[in-house]
Amino acid sequence: MLLNKRQLLGRGGVLALGATLPLAAQAETPLERAINERVRQMRGEGRLAGDERTAWLVHDLVANRPLAQINAHVPLQCASLVKPFVIQAYLLTHYLKDSGLYPMSQRVQDEMRGMVVASNNEFTNHLFKRLGGPQGVQWMLKKQAPQIFRNIQIVENIPAQGRTYKNRASAADYDRFLRALWANQLPGAQYLKQIMSIPNPDRIRSKTQFVPQSATVYDKTGSTAMLCGNFGIIECKVGGRSYPYTISAIIEKDSPAGNYSSWITSRSNVIREISDIVYLNFARAHGIG
């Protein structure tokens with residue numbers, strides 16, 4: 001059931017109780033309340049099953065404060081959400097270790113682009129191999145940026161048919177990564193943002209009701225029969241000003257869905273509806289939209 005703008009704004013008093021207040025310790029923010037209430041309703045509607053857990057993290061990059069953190073520190077399956085992490089590990093190695101052995105050749109750049117835009121698994125495994133396997137990727141990320149990659153568990157290549165279930169990270173890992181990218185605090189950040197902004201089907205702007213289709217999205221999706229996810233930055237431009245925020249959204253299932261196509265479509269729509277709630281909250285707080 002799709003909700004109209006008034007219903008989305010009214011759920012859980014999203015804005016009426018002051019969405020611009022600082023996040024209090026252990027206090028449920030208006031946006032958290034709205035997300036939690038809508039998730040509970042979706043469970044009642046059968047759109048989320050009892051064996052499915054969700055995690056959400058939203059950070060206002062204008063005010064530099066979190067707006068919602070729900071199960072944000074729980075490591076969940078990565079699926080293809082791991083691919084920007086693998087690229088970042090290579091960029092760290094290129095810039096900080098040995099640019100000769102780890103060049104940014106045209107082939108490497110094409111493969112990185114394919115990893116993000118087409119979610120190419122073969123190219124991902126090429127980078128894994130260059131970096132000493134999943135363990136090499138995790139070692140580099142934790143060595144060079146331990147304050148960002150706190151909960152990652154990168155332990156496997158992408159298996160045949162893309163059935164990758166062992167790599168894990170938390171919504172907070174994705175969010176810290178996105179904020180560091182946005183602030184250009186990681187080597188190669190500008191390049192990685194460039195390829196993450198190439199338009200491709202996503203779950204946080206595409207086919208939403210209210211997120212402006214003119215917004216720039218820097219993102220990566222992840223899809224298996226046990227995970228539907230998307231993390232990214234949504235940048236709205238109004239009156240010559242930039243209004244960016246992050247959103248990390250993960251739905252993990254305990255066992256593979258029987259009908260993958262139907263499941264991934266319906267859970268993608270769950271994320272889109274929550275993304276609409278997030279955007280309306282953010283837009284109202286900043287007087288845009």
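The values are calculated or read from the model by the stated rules, or taken from the named source; none is laboratory data. Keep in mind that this is a model prediction, so the values were computed, not measured. Backbone-built Cβ (ideal geometry, glycine too); neighbour counts: all protein chains shown. Only protein heavy atoms, including side chains, enter the accessible area calculation; ligands, DNA and RNA are left aside. Shrake-Rupley method; radii C 1.70, N 1.55, O 1.52, S 1.80 Å.
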ask   = Got a sec to turn the phi values of segment 142-158 into Karplus ³J(HN,Hα) couplings, 6.51 cos²θ - 1.76 cosθ + 1.60 with θ = phi - 60°, whole Hz, x for Gly and Pro?
value = 6, 6, 8, 9, x, 6, 9, 9, 7, 10, 6, 9, 9, 10, 9, 5, 7
task = Could you tell me which of 256, 228, 279 has its Cα farthest along the dipole of segment 223-289 towards the positive end, charges placed at Cβ (Lys, Arg +1; Asp, Glu -1), taken about the Cα centre?
result = 279
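With every protein chain kept in place and ligands, DNA and RNA left out, what is the accessible area per residue of the chain? Probe 1.4 Å, answer in Å². Kindly include the intermediate steps, with their values, before the conclusion.
Numbers: 12160 Å² over 289 residues.
Averaged over the residues of the chain, the accessible area is 42 Å².
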request  = Collect residues whose amide H, placed 1.01 Å from N in the peptide plane, falls under 5 Å from the amide H of residue 48; neighbours closer than 5 in sequence don't count.
outcome  = 43
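Past 24 Å, Cα to Cα: identify those pairs from 142/237; 97/129; 142/166, in the order given.
Numbers: 142/237 34 Å; 97/129 17 Å; 142/166 18 Å.
Listed pairs above 24 Å: 142/237.
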ask   = In degrees, nearest 10, range 0 to 90: what is the angle between the Cα axis of helix 83-96 and the longest Cα principal axis of the chain?
value = 50 degrees
remark   = For segment 171-182, Karplus-derived ³J(HN,Hα) couplings (6.51, -1.76, 1.60; θ = phi - 60°; whole Hz; x for glycine and proline) come out as 4, 5, 4, 4, 5, 4, 4, 4, 5, 5, 4, 4
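Rounded, prolate or oblate for segment 114-263? Axes are the square roots of the Cα gyration tensor eigenvalues, ordered a ≥ b ≥ c, and the cut-off for rounded is a/c under 1.5. Can you show the working numbers first?
Values: a/c = 1.81, a/b = 1.19, b/c = 1.52.
The shape class here is oblate.
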task = Return the carbon/sulfur percentage of the accessible area of segment 138-181, one whole number, probe 1.4 Å, all protein chains in place.
result = 45 percent
inquiry  = Can you compute 3J(HN,Hα) from phi for each residue in segment 241-248, using the Karplus curve 6.51 cos²θ - 1.76 cosθ + 1.60 with θ = phi - 60°, rounded to whole Hz and x for Gly and Pro?
reply    = 10, 9, 10, x, 8, 9, 9, 10
message = Just to be sure I follow: if Rg is taken over the C-alpha atoms of the chain and Rh is the Kirkwood radius over the same atoms, what is Rg/Rh?
response = 0.96
query = So how strong a dipole does the chain carry about its Cα centre when Lys and Arg Cβ are +1 and Asp and Glu Cβ are -1, to the nearest 20 debye?
reply = 200 debye
task = Report, in whole Å, the centroid distance computed from the Cα atoms of segment 129-154 and segment 205-280.
result = 25 Å
message = Principal axis extents for segment 235-280, Cα atoms only, whole Å, descending order, please.
response = 47, 16, 14
ask   = What are the residues whose amide H is under 5 Å from the amide H of residue 224, where those residues sit 5 or more places off or on another chain and H is modelled from the backbone?
value = none
key: In degrees, nearest ten, helix 121-130 long axis to first principal axis of the chain (Cα)   = 50 degrees
